[in-house]
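The values are calculated or read from the model by the stated rules, or taken from the named source; none is laboratory data. Here the structure is a predicted model, which means the values were calculated and not measured. Note that each Cβ is placed from the backbone with ideal geometry, even for glycine, and that neighbours are counted across all protein chains shown. Ligands, DNA and RNA are excluded from the accessible area calculation, which covers all protein heavy atoms including side chains. Shrake-Rupley method; radii C 1.70, N 1.55, O 1.52, S 1.80 Å.
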Amino acid sequence: MAVRTDLFESPDYYQLDELLTEEQRMVRSAVRAYVKKEISPIIEDYAQRAEFPIQIVKQLGDMGCFGPTVPVEYGGGGLDYISYGIMMQELERGDSGVRSTASVQGSLVMFPIYAYGSEAQKKKYLPKLASGEWLGCFGLTEPDHGSDPSSMITNIKDAGDHVILNGAKMWISNAPFAQVAVVWAKNEAGEITGVIVERGMEGFTTPTTHEKWSLRASATGELVFDNVKVPKENILPNVKGLKGPLGCLSKARYGIAWGALGAAMDCYDTALRYSKERFQFGKPIGAFQLQQKKLAEMVTEITKAQLMVWRLGVLMNEGRATPSQISMAKRNSCEIAAQIARDARQMLGGMGITGEYSIMRHMMNIESVITYEGTHDIHLLITGMDITGFNAFK
Ligand code: TGC
Ligand code: FAD
């Protein structure tokens, strides 16, 4: 295994550090140090082998990266939303798949159990998920229903003290290793309902999705339910309808807005360093105007996005952030990360396509990040509907 040294230095062109509290800066230092020590040295090899570094589950639990905004009494961190965002930024600076693991566990598995679950469910699942003893996954997307989850066909039927679950979910992060799945299914009244499915329940399988060119260090799979008997005590009692899963997605999309920015920052930092070290025509390539244009545009977009996610974090902390504001930030961070990764890769010439540098891995990862949790176009339509009042989805 090649030894890789992580030299990352965070771009902060507008002294945005001054907007952070002492606690938020401490969170950032701790997660950044963890990524430098435990993620950067190994992640390229795992991505090349398309293998999930399972050891990170316990490590992320120990670091407090699972459910940082969940109250301490349930094993969470009791932190604010900017701290959570910074964690996601630092993790994705290492790799989008590592951030995915944390986003899914915290926002898509712990959050629904915390927000919609019974007291018994919270006590049973949250501490084990927070510590990384258990890994969870979130099943919303189906083979024929991605952007339009309200048309899902996965269903539960009443059978006395339990329900019978049938259907299939596709593209599910963490599925192959998860002990617990929060699954969204329609009840006999056609209402979308959350159920907690545990590995080992008869008829429940999680086939792995192979041959991805993106998020190669993250495990993706299907969830297949063939007459699975799920005890009624595993139904999330406090929500019905699409607003249940969409409420979770709001938290996760917020984290992605910070996370994708982390990937962009890593690409910029790598390209900037390379531009000072790589000489052509007797000069560092950073001395040529065309390369400076790329770098100047990168740092401008990063700075704008840093301001955007920080402000969104303030609104989240005050309980005032709207789903449309979250969509705008998720979309913008993915857009700039994709563009910055492409430009940064070109700046490294041939070296940019190798695993020697993180850029091509980020570039491929962002293709998933720009697609999941609502595609780029879906988020644009959410903004369009918000500003015009017209629904262009249907
Ligand atoms: P619509 O009629 O607009 O809404 C249904 C109900 O939901 C409410 N709502 C929200 N609530 C909370 N947060 C949000 N973001 C919400 N957006 C909408 C809405 O008010 C309504 O409530 P109520 O009380 O009136 O019933 O629903 P629609 O069927 O028209 O769909 C709208 C649309 C297209 C925007 C939505 O379905 C959507 O966002 N589609 C994209 C699907 C998606 O994002 N899937 C993600 C799957 S999970 C995933 O990708 C995880 S990747 C994880 C990783 O590895 O990091
Ligand atoms: P489709 O919905 O078929 O969309 C295809 C194209 O049509 C897109 O460009 C889309 O923007 C466009 N389109 C669709 N509707 C409209 C419209 N009304 N107007 C204009 N354009 C439209 N899901 C989970 O539930 N849990 C997970 O953990 C999870 N993890 C994932 C991990 C990875 C690596 C990936 C790639 C996906 C994951 N997903 C997960 C699924 C993800 O959320 C979906 O892929 C995404 O929501 C898009 O659905 P789709 O792939 O079916 O595309």
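Brief remarks follow.
- The stretch 25-90: Cα Rg divided by the 2.2 N^0.38 Å rule of thumb: 1.19
- Taking every alpha-carbon pair under 8 Å whose residues sit at least 6 apart, the stretch 243-388 reaches a relative contact order of 33 percent.
- Extension gain from Asn317 to Gln48, taking 0.36 nm per residue of separation minus the Cα-Cα distance: 93.0 nm
- From phi via Karplus (6.51, -1.76, 1.60), per-residue ³J(HN,Hα) for the stretch 58-74 in Hz, x at Gly/Pro: 5, 4, 5, x, 4, 6, x, 8, 9, x, x, 8, 6, x, 4, 4, 9
- P(r) tail fraction, the stretch 136-234 - alpha-carbon pairs more than 23 Å apart, %: 21 percent
- Cα-Cα separations in the stretch 89-153 greater than 13 Å, expressed as whole percent: 69 percent
- Here the translational diffusion coefficient of the stretch 273-341 follows from Stokes-Einstein with Rh set to the Kirkwood radius across Cα pairs; for 20 °C and 1.002 mPa s it amounts to 153 µm²/s.
- Carbon/sulfur fraction of accessible area - the chain, other protein chains in place, 1.4 Å, %: 55 percent
- Take every pair of alpha-carbon atoms less than 8 Å apart whose residues are at least six positions apart; their mean separation over the length of the chain yields a relative contact order of 18 percent.
- For the stretch 39-96 versus the stretch 279-358, the gap between their alpha-carbon centres in whole angstrom: 21 Å
- Average Cα contact separation per residue, the stretch 22-84, under 8 Å, 6 or more apart, as relative contact order %: 26 percent
- Semi-axis lengths, Å, the stretch 16-131, gyration tensor of Cα atoms, sqrt of 5 times eigenvalues: 24, 19, 10
- The convex hull built on the alpha-carbon positions of the stretch 243-388 has an orientation-averaged projected area of 9.5 nm².
- Measure of compaction for the chain (Cα Rg per 2.2 N^0.38 Å): 0.98
- If R0 is 25 Å, the Cβ-Cβ spacing of Met201 and Asp158 corresponds to a FRET efficiency of close to 0.90.
- Summed over the residues of the chain and divided among them, the accessible surface reaches 43 Å² per residue at a probe radius of 1.4 Å.
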